[in-house]
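The values are calculated or read from the model by the stated rules, or taken from the named source; none is laboratory data. As the structure is a prediction and not an experimental result, all values here were calculated from the model. Ideal geometry is used to build each Cβ from the backbone, glycine not excepted, and the neighbour counts take in all protein chains shown.
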Amino acid sequence: MTQDGELDALVRQRIRGLRVARGWSLDELAARSHLSPSTLSRIETGHRRIALDQLAPLARALGTTLDQLVESDSDADVVIRPHCDDARGITTWLLTREHAAQGMTVAKLRITRAVPADLRVHPGRDWFTVLSGTVVLRLGERTILVGAGEAAEFSTMVPHAFGARGGPAEVLCILDHDGERTHLGAELPDLARGRRAATGRAW
């Protein structure tokens, strides 16, 4: 089966699965999507090619989006692979899916570098909690140690940088759009296609 054929079969399966999950007959879905029951039956059984102008009303009727209805079933939306940036001393796992609520990005970072001498500023606020190890946070003139199980939250308009102390440290952080652009790079990763790479300036 070709890739297009596999996706076509997957979309048919999703349409039928969503209909059955809602307890709807073909007639009920037909009334909601303004398509005939016979058309729907042929679509679900593969006897009729699905047209784009049929997918949109079907997605609306089934309470989903067109993107979700036709998205690939590859493991890219399941497996979150790390991006290792040896030059920065940071490995990043992007945990947020595409179109995350409220414009936030959640990421796990493994930090192996010492705290950089170069402090940076950008609009917004940062929040992180330390999962393991100890993080050295330089915040203006202050140097703050944040240990496992502790969290830090601060304005990123204060010059700041952080690194690990006494071995690698792992943190879970929440970034707004400004923080995302600064910490993960101006060219944001394409989560929809599973390219979970984060590049750009150091934290």
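Miscellaneous remarks
- When 134, 156, 112 are checked against the criterion of being touching a helix residue (DSSP H, G or I) at 6+ places or on another chain (Cβ under 9 Å) and of a type in the set (S, T, N, Q), a single residue qualifies: 156.
- Positions within the stretch 12-58 being modelled with pLDDT under 90 and of a type in the set (Val, Ile, Thr), in sequence order: 50
- Residues considered: 81, 88, 113. Of these, the only one that is under 30 Å from residue 68 (Cα atoms), part of a loop (DSSP other than H, G, I, E, B) and of a type outside the set (Val, Ile, Thr) is 81.
- When the stretch 67-97 is limited to residues that are at pLDDT 85 or above and in contact with a Pro (Cβ under 7 Å, 6 or more places away or on another chain), the one that is surrounded by the most Cβ atoms within 10 Å (Cβ to Cβ) turns out to be 92.
- Residue check: residue 198 meets all listed conditions (1) assigned by TED's automatic domain parsing to the domain that holds residue 123; (2) modelled with pLDDT under 65; (3) not in a helix (DSSP H, G or I) but one, namely (1).
- Cross-chain or 6+ apart pairs with Cβ under 6 Å, the stretch 118-135 first and over 22 Å from residue 147 (Cα atoms), then loosely packed, with under 13 Cβ neighbours inside 10 Å: 121/157
- Options 142, 193: the member that is out of contact with any helix residue (DSSP H, G or I) (no Cβ under 6 Å at 6 or more places or on another chain), at pLDDT below 90 and surrounded by fewer than 19 Cβ atoms within 10 Å (Cβ to Cβ): 193
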